[in-house]
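See structure below.
The values are calculated or read from the model by the stated rules, or taken from the named source; none is laboratory data. A quick note: this is a predicted structure, and the numbers were derived from the prediction, not measured. Cβ sites come from the backbone with ideal geometry, for glycine too, and all protein chains shown count toward neighbours. Accessible surface is based on the protein model in full, side chains and every heavy atom, while ligands, DNA and RNA are left aside. Shrake-Rupley method; radii C 1.70, N 1.55, O 1.52, S 1.80 Å.
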Amino acid sequence: MSTVSLKSDRPSAFAEFWYYFSRNKGAVIGLAIFLFVLFLAIFASLVAPHDPDAAFGSAMQRLPPAWAEGSNSSFLLGTDANGRDLLSRLIYGTRFSLFIGLVVASLSALAGVLIGLVAGYVRGRTDTIIMRIMDIILAVPSLLLALVLVAILGPGLTNAMIAISIVNQPHFVRLTRASVLAERDKEYVIASRVSGAGPLRLMFKTILPNCLGPLIVQATLAFSAAILDAAALGFLGQGAQPPTPEWGTMLADSREFFQSNPWLVTFPGLCILITVLAINLMGDGLRDAFDPKLKRS
């Protein structure tokens, strides 16, 4: 009876995770902001007041926000240089930013974890070659390397995501390799090896599940880094191409009006800032939740 009661009193894995995550108030605020951005991305077609690509004529170009003089109440945040509703384009921009972050984080994590597993488990010459290649990639500034890759592949959103994935991959490789090296000689791995488990089973079913904590945190940081890098490439004309309502591209289209119509640059910049900050705050909370030093014994 006592054993049953002890098991029933033990909190679930999710309850324990939420306890440590919610202790970080900034992480909770970041999660709330991220969920709001995710809601806008999913229901953009219902929330946006206008078609993001619809131009309303020369008379409606560069209208100020609704609270400023000379505004139009139909356009809450004003219009851009082509007479398109700025609020609608910002809302649809959440789709592109979150899509970019998800694809880049997934690609870089998948490739990086696989390569890191091989490097950490096999070791020897294979490990040396892989890590020297990763060191070379990390030695080049990430944005510069992404620009070079996009210049080779050609400008566009798809090629930009591929380039950013390659740039972010070494972080996953190094982290996975370090985690595998820390786990591969522990007793439970040796026991599985002695019982006849093959290399693939040892890598993917025995070692990898015990390395997921830091990898999830790194994936969160890669998500925010991908949004920033995509916005930077879009601003430089190498990412998403007009008339795509991507925040970096919107900044590039409006930079010449920075002094005369500052809201055209301010609102996309704030969207990038708030979204990236919210994801980074979530990453801090995940780090606290997955840190074994904070777990109860």
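Return the pairs, sorted by first residue and then second, in which the second residue is of a type in the set (Phe, Trp, Tyr), the first residue lies in the stretch 251-272 and is in a helix (DSSP H, G or I), the beta carbons are less than 6 Å apart, and the residues are 6+ apart or on different chains.
These pairs meet every condition: Leu251/Phe235; Ala252/Phe235; Leu264/Phe257; Val265/Phe258; Pro268/Trp247; Cys271/Trp247; Ile272/Trp247.
Mind checking which pairs have a first residue in the stretch 62-82 that is of a type in the set (Asp, Glu) and a second that is surrounded by 14 or more Cβ atoms within 10 Å (Cβ to Cβ) and in a loop (DSSP other than H, G, I, E, B), Cβ under 8 Å, 6 or more apart or different chains?
Asp80/Gln61; Asp80/Arg62
Quick test for you: out of Leu98, Leu77, Leu87, Leu107, pick the one residue that is closer than 15 Å to Asp53 by Cα and either hydrophobic (A, V, I, L, M, F, W, C) or open to solvent by less than 20 Å² (accessible area, probe 1.4 Å) (or both).
It is Leu87.
Which ones in the stretch 256-271 are within 25 Å of the chain's Cα centre (by Cα) and open to solvent by 20 Å² or more (accessible area, probe 1.4 Å)?
Scanning the stretch 256-271 gives Val265, Thr266, Phe267, Gly269, Leu270, Cys271.
Which fully enclosed helices (runs of 4 or more DSSP H) of the stretch 1-70 have 1 or more residues being closer than 22 Å to Arg287 by Cβ and modelled with pLDDT under 80?
Those helices (runs of 4 or more DSSP H) span 13-22.
Do you know which of the residues in the stretch 232-241 that are more than 16 Å from Thr158 (Cβ to Cβ) and in a helix (DSSP H, G or I) is nearest to the chain's Cα centre (by Cα)?
Within the stretch 232-241, the match that is nearest to the chain's Cα centre (by Cα) is Ala232.
Those residues that are open to solvent by 60 Å² or more (accessible area, probe 1.4 Å), charged (D, E, K, R) and either in a loop (DSSP other than H, G, I, E, B) or touching a Cys at 6+ places or on another chain (Cβ under 6 Å) (or both), I need them from the stretch 168-212; list them, please.
Once the filter is applied, which keeps residues that are open to solvent by 60 Å² or more (accessible area, probe 1.4 Å), charged (D, E, K, R) and either in a loop (DSSP other than H, G, I, E, B) or touching a Cys at 6+ places or on another chain (Cβ under 6 Å) (or both), the stretch 168-212 yields Asp185, Lys186.
Could you tell me whether Leu87 is under 25 Å from Glu246 (Cα atoms) and assigned to a helix (DSSP H, G or I)?
Considered against the rule, which asks whether it is under 25 Å from Glu246 (Cα atoms) and assigned to a helix (DSSP H, G or I), Leu87 comes out as yes.
Go through the stretch 127-175 and count every residue that is of a type in the set (D, E, K, R) and either in contact (Cβ under 8 Å) with a residue 60 or more places away in the chain or closer than 17 Å to Ala225 by Cβ (or both).
Looking only at that region, the number is 1.
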